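> There's a structure below that I have some questions on.
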Amino acid sequence: MLKIFKYLQKKEWLMALGSLIFVIGQVWLDLRLPDYMSDITTFVITDGSKMSDILKTGAKMLACALGSVALAFVVGYFAAKIAAGVSKRLRSKMFSKVTSFSMEEINGFSTASLITRSTNDITQVQMAIAMGLQVIIKAPILAVWAILKILGKSWQWTVVTGGAVVALMCIILVIMIFAMPKFKIMQTLTDDLNRVTRENLTGIRVVRAYNAEDYQKEKFEKENNKLTSTILFATRVMAIMMPGINMIMSGLSLAIYWVGAYLINDAFNPENKVGLFADMTVFTSYAMQVVMAFMMLVMIFIMLPRAIVSARRINEVLGTTPKILNGSVTETPASNQGTVEFKNVSFKYPDASDYVLKNISFKAEKGKTVAFIGATGSGKSTLINLIPRFYDATDGDVLVDGVNVKEYNIESLNNKLGYVSQKAVMFSGTVSSNVAYGYSGRNNYSIDDVKKAVTIAQGAEFVEKLENQYEGAIAQGGSNISGGQKQRLAIARAVCRKPEIYIFDDSFSALDYKTDRVLRSELKKETSGTTTLIVAQRIGTIKDADCIIVLDQGEMVGKGTHSELMKNCEVYQQIALSQLSKEELENE
């Protein structure tokens, strides 16, 4: 939790110091009230007292009360300001940190957990800081100061107050032993509930198509019941706190008056009786202040355990060192631009025992098209994901423009690539904002470049039918357009970037054969002089490639043109025969 305070700025430290000063002032004013109450009590029970003296003392008492309220408002403002500032910077740090993660770190935490840590956990810390600056500072000062005030009054009353404090500490101990461990579990269960909810909303079409609403509801209820039972247990333990504190406060008042009755009764001098009665009134007020101080600490004990767990979870993310480290290379020799080379590359996923790719070697020259084909799970997508460094190769070297990708500044490396993922991703906005996402001047894009890219990607026909055409709305995830339309806009995004190297990860699968053929024809004209890497399942998509690499269980079992592979690669022949008839292949 203490690590969180390093995110405080200088002005916020000054606010915190100001809060400390104002809290001390507030405590001083609060503890002056019993003194004035004692004076008023003395005036009331003493013969010959003047009403003006009582009113004057009452006015001072009112001024102290109003002053305490004013200082409490100032401290509350400072606390809220500091807490909001820290949470703002934490959210910014978390967002920046998560965006720097490779797929390994993201999968390690899970998307659901990262969302919870970036929202709910930061909110818990914010609430703890806001309350802590008001209560954690005030409670010990108030307790110590009030105890010092009552020490010399009467040892009998002091013992009674001490017994009340011991009883209160027992309640706090019970809460710490039984309730605190549950708060860590609550945050983990919140992750799980978030995950199930996210899965259900993301896959709502599949859920409805298979009538699996009841099954998903059972999964949700299972996680919901776990979280609910944990919260109920912690809340029930906490429920003993307020009745217990009220009982202690009422019992303390009763005990002080009971002891005071015996002390006053045993006093022989009437003046002593008056003095003891005034002391009893003052002592009761101070004793209540002591109990109130400890009650405020109990309130913090309710919030602090969960905030500490949340702070640890936040620090886990912020303290994670990304496995993909940034290099220093920003420029490469013009002679090698556009080349991609794999040298004896092998790869296995973190914590996996088997290699997904084994000893892959090839070179894609500038202006050439290299395609990858193979059965599902053969490692095609994994292979090209090593180029933009979503993962780093376990063994061997991946070279772009003759430089190992590990040596590149990641931004410079990505600027060379036009990447179209296997799943077309659309962002909420417009057609233009999505297509221009890869444009060098993202915020000041040229509409002509956007139109050209969309035309090449064979998307102009449906885009121009949209309301507002190129400024037509795209919903989050592209839910208001079809899969094929999303793929065409994703391809247009890569074209608009005008990169050195195009990477298409099975990016034509949702297109019909006619659109696929026309798009590739237009794309070939646009990408002449640039390197193109294509992952595909369909022979028709890649048969015109300059080089086709056939993968089988992570190994390269064939390399060559379509006609060469049809003669000497059994795996490629099987794929081709599963898609095309012998007559069609012979005619080709």
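> For residue 317, state whether it is farther than 30 Å from residue 131 by Cα and not in a loop (DSSP other than H, G, I, E, B).
Numbers: farther than 30 Å from residue 131 by Cα: no; not in a loop (DSSP other than H, G, I, E, B): yes.
Against the criterion (farther than 30 Å from residue 131 by Cα and not in a loop (DSSP other than H, G, I, E, B)), residue 317 does not qualify.
> Output yes when any residue across segment 407-429 is of a type in the set (Lys, Arg) and without any contact (Cβ under 8 Å) to a residue 40 or more places away in the chain, and no when none is.
Step one: filter segment 407-429 for residues of a type in the set (Lys, Arg), giving 416, 423.
Filter once more, so that each one left must be without any contact (Cβ under 8 Å) to a residue 40 or more places away in the chain: 423.
The answer is yes, given that some residue of segment 407-429 is of a type in the set (Lys, Arg) and without any contact (Cβ under 8 Å) to a residue 40 or more places away in the chain.
> Filter segment 401-430 down to residues that are polar (S, T, N, Q) and in a loop (DSSP other than H, G, I, E, B), then give me how many there are.
Number of matching residues: 4.
> Hey, another quick one. Which of the residues belonging to segment 305-323 are among the β-branched types (Val, Ile, Thr) and either more than 13 Å from the chain's Cα centre (by Cα) or farther than 16 Å from residue 108 by Cβ (or both)?
Residues satisfying the conditions are 308, 309, 320, 321.
> Given the options 446, 378, 428, name the one that is out of contact with any Ser or Thr (no Cβ under 6 Å at 6 or more places or on another chain), buried (at least 18 other Cβ atoms within 10 Å of the Cβ) and not aromatic (Phe, Trp, Tyr).
378
> Also: Residues that are free of Cβ contacts under 8 Å to residues at least 40 places away in the same chain and over 30 Å from residue 320 (Cβ atoms): does segment 82-91 have at least one?
No - not one qualifying residue is present in segment 82-91.
> If residue 371 satisfies every condition in (1) surrounded by fewer than 20 Cβ atoms within 10 Å (Cβ to Cβ); (2) among the small types (Gly, Ala, Ser); (3) closer than 19 Å to residue 554 by Cβ but one, which is the exception?
(1)
> While we're on this one: Within segment 375-384, is there a residue that is out of contact with any strand residue (DSSP E or B) (no Cβ under 9 Å at 6 or more places or on another chain) and assigned by TED's automatic domain parsing to the domain that holds residue 544?
Checking segment 375-384: at least one residue is out of contact with any strand residue (DSSP E or B) (no Cβ under 9 Å at 6 or more places or on another chain) and assigned by TED's automatic domain parsing to the domain that holds residue 544.
> Regarding residue 359, is this residue polar (S, T, N, Q) and touching a helix residue (DSSP H, G or I) at 6+ places or on another chain (Cβ under 9 Å)? Talk me through it step by step, then tell me what you get.
Values: polar (S, T, N, Q): yes; touching a helix residue (DSSP H, G or I) at 6+ places or on another chain (Cβ under 9 Å): no.
No.
> Does residue 252 satisfy the condition of being touching a helix residue (DSSP H, G or I) at 6+ places or on another chain (Cβ under 7 Å) and closer than 20 Å to residue 110 by Cβ?
Against the criterion (touching a helix residue (DSSP H, G or I) at 6+ places or on another chain (Cβ under 7 Å) and closer than 20 Å to residue 110 by Cβ), residue 252 does not qualify.
> Specify the residue that is surrounded by the most Cβ atoms within 10 Å (Cβ to Cβ); the eligible residues are those in segment 354-368 that are under 38 Å from the mean Cα position of the chain (by Cα) and charged (D, E, K, R).
358
The values are calculated or read from the model by the stated rules, or taken from the named source; none is laboratory data. Only a predicted model underlies this, so the values are computations on that prediction, with no experimental measurement involved. Backbone-built Cβ (ideal geometry, glycine too); neighbour counts: all protein chains shown.
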